[in-house]
Amino acid sequence: MRAPGPSSALVFKVAVLLSVVGCLAPAGVSASSSAIERFVGTYEYVGGDEDIEALDRAIDEVVDQMNFFIRGIARRRLRAPNLPSKEVIVDLREGRIDIIRPGQPEVSAPADGRPITWRHPEDGDVFQVSHGVDDQGALYQRFEGERSVSRNRFVLSEDGAALTIHTVILADRLPAPLRFKMTYRRLAPRPQR
């Protein structure tokens, strides 16, 4: 299911779509430490079957637009890596945001939104990864690969106790964006810095 790379028209469409749904951080955004520190902590998945069933419905909506013969493969490839982690840990160290999901590779990138090159340790895929806080105060994690763009937008409740991660995935082999969310509850108090 891999193509040689996106066409310039596809890249333009992805950029426009991401801009429309608020998925690109404005150029030059530099998040303050206090804005990021709100997110620092450990969160436990609490979305239960409801979030997983919503993920399955979102995958079905996208996959049902694909050729009948590849739907099963596409469904499996989309579902497995997007199931919720039992925990999500967000940390800020030395100007970097670390996002840790036990059982998955840790991802660390500068807190100011500057992209870094990151290679997935299992499959070797290379991504430009950026972390930061957007103009609405949400923490973001953006992966841009040769054939896909994925954005996780972390939104805290006003009291800081609940975290909702909104995900949008665009790929040259998907006929439409895949959108879903997962819900977490803060476990550990935020470390004092």
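The values are calculated or read from the model by the stated rules, or taken from the named source; none is laboratory data. Computed from a prediction, not measured in an experiment: that's the story for all the values here. Note that we place each Cβ from the backbone using ideal geometry, even for glycine, and neighbour counts take in every protein chain shown. Areas reflect the complete protein model, heavy atoms only, side chains present, ligands, DNA and RNA absent. Shrake-Rupley method; radii C 1.70, N 1.55, O 1.52, S 1.80 Å.
Quick look at the values:
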quantity: Exposure rank, largest accessible area first [THR117, THR164; 1.4 Å]; calculated: THR117, THR164
quantity: Loop-located trypsin sites (Lys or Arg not before Pro) in region 97-178 whose Cβ has at most 15 other Cβ within 10 Å (DSSP); calculated: ARG173
quantity: Under 12 Å, Cβ to Cβ, from LEU55 - net charge with Lys/Arg +1 and Asp/Glu -1; calculated: -2
quantity: Fraction of accessible area attributable to carbon and sulfur, region 54-193 (%, probe 1.4 Å); calculated: 50
quantity: Cα→Cβ-extended label distance, 7 Å offset, between LEU83 and ASP123, nm; calculated: 1.6
quantity: J(HN,Hα) series, region 34-39, from Karplus relation 6.51 cos²θ - 1.76 cosθ + 1.60, nearest Hz, glycine and proline x; calculated: 5, 5, 6, 4, 4, 8
quantity: Karplus 3J(HN,Hα) series, Hz, for region 78-86 with 6.51 cos²θ - 1.76 cosθ + 1.60 (x for Gly, Pro); calculated: 7, 6, 3, x, 9, 5, x, 7, 4
quantity: Highest-first arrangement of 59-67, 108-116, where packing means the average Cβ count within 10 Å; calculated: 108-116, 59-67
quantity: Accessible area expressed per residue, region 53-193, with surrounding protein chains retained (probe 1.4 Å, Å²); calculated: 54
quantity: Protection proxy ranking, peptides 100-106, 181-187, average beta carbon neighbours within 10 Å, highest first; calculated: 181-187, 100-106
quantity: Isotropically averaged projected area of region 89-192, using the convex hull of Cα atoms (one quarter of hull area), nm²; calculated: 7.5
